[in-house]
1. Find out how many positive minus negative residues lie around LEU266, taking Lys and Arg as positive, Asp and Glu as negative, among other residues whose Cβ is under 15 Å from that of LEU266.
2. Pick out the long, greasy-scoring helices in the chain: whole DSSP H runs spanning 18 Å or more along their own axis by Cα, mean Kyte-Doolittle at least 1.6.
3. Full-extension gain between THR86 and ARG161, please, as 0.36 nm times their residue separation minus the C-alpha to C-alpha distance.
4. Out of the GluC sites (Glu not before Pro) in the stretch 1-77, which ones are loop residues according to DSSP with at most 16 other C-beta atoms within 10 Å?
5. Would you work out which of ALA288, LEU276, VAL170 lies farthest towards the positive end of the dipole of the chain? Charges go on Cβ: Lys and Arg +1, Asp and Glu -1.
6. Modelling each spin label as a point 7 Å along the Cα-to-Cβ direction, I'd like the ALA260/SER34 distance in nm, to one decimal.
7. Given the Cα-Cα distance of GLN15 and GLN197 and 0.36 nm per residue of separation, how much length would full extension add, in nm?
8. For the chain, give the magnitude of the charge dipole about the Cα centre (Cβ charges: +1 Lys/Arg, -1 Asp/Glu; no others), in debye to the nearest 20.
Amino acid sequence: MPFCLRPDGWIARAQVWLGTLVEVVLPAPDATHSRFVAAFAAIAHVHRVMSAHNEESDLARIGRDAHRRTVTVDPATYAVLTLAKTLFRESGGAFDVTIAPLLARHGLLPESAAASGSRCGRMEALRLEAGLGVRAAAPIALDLGGIAKGHAVDCAVDALRAAGARRGLVNAGGDLRVFGAGDWMPVRVRRPAAPAQFLQPFDVRDAAVATSANYFRDGHGMLVDPCTQSLHPFPGSVTVVAPTCALADALTKIVALCPADSAAILTRYGAHGFVLAEDAVQGATTCAASTANLRLPHAAAA
């Protein structure tokens, strides 16, 4: 997972949400109690409405009722589903949030997370209606693990900005976003074969970063390919730098599953990918030169 070293004079607060430790870091002049409260409230809200384990969450209500009637969801859930449907179409089905039944089959989610009669690959059955409505043409079970955490980080950044914070950093278990003008932030990424060791492939400012990898899993692949309905061998790691954390989070899965076809999608969203092989000490990147938001130590385009 990527992380930024905390700049001198910045103050951090952390809480556990979304199954991980969420850290909010602000420069001392901006580090007021009310701003930290606002950021964590935004994270907690996404946790509540998009949890796969809360029977009253939007995900649970969609799985239980959307094939019978329209389910009205929270604006955050609607925004995530809108982006998910777009990425499903653009990736040829590689990014699919109806993957919950397949994850349950492989023991990566409890059976209760998959709605009765639901199957993987039913994004076409999911309809978004006016007024925050969600409807499904057939029973459907959603897993937003590939995008919701990133969206929560974006919501926390929005809350911090609304509360007057000019600069800051939010990191939710490796889904991180740096916001505001200022100095470059060095990003460190774990080596896939030696997770206790870190590489520093680039610096960012006013950008989001996310990584997909199988650290500490003894080489067992954990990415599920919706197109083949199987576990995808994934010994390396993929890191994406994008304008928002929801995009960075989701695009890592597309790059990992469709490396040959992902460059055009990354370009469309102003994003860049960094791929580390299992034993790599230097990665390949789609970024040929430094940009306004991403600084390379040297040009190393794949």
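1. Working: positive: LYS253, ARG268; negative: GLU90, ASP249, ASP261.
Summing Lys/Arg as +1 and Asp/Glu as -1 gives -1.
2. Details: long enough: 33-50 (26 Å, 0.79); 75-90 (23 Å, 0.43); 148-162 (21 Å, 0.31); 245-257 (19 Å, 1.67).
Membrane-span-like by this rule: 245-257.
3. On the way: separation 75, 0.36 × 75 = 27.00 nm, distance 2.70 nm.
Result for the pair: 24.3 nm of gain on full extension.
4. On the way: sites: GLU23, GLU55, GLU56; in loops: GLU55, GLU56.
Passing sites in the stretch 1-77 are GLU55, GLU56.
5. With unit charges placed on the Cβ atoms, the residue in question is VAL170.
6. Roughly 5.6 nm, to one decimal.
7. Values: separation 182, 0.36 × 182 = 65.52 nm, distance 2.53 nm.
Roughly 63.0 nm would be gained on extension.
8. Values: 28 positive and 26 negative charges, 63 e Å.
Its charge dipole is roughly 300 debye.
Only the coordinates and a few stated rules stand behind these numbers; no lab work does. Model, not experiment: these values are computed from the prediction. Methodologically, a virtual Cβ is constructed for each residue, glycine included, from the backbone with ideal geometry; neighbour enumeration extends over all protein chains shown.
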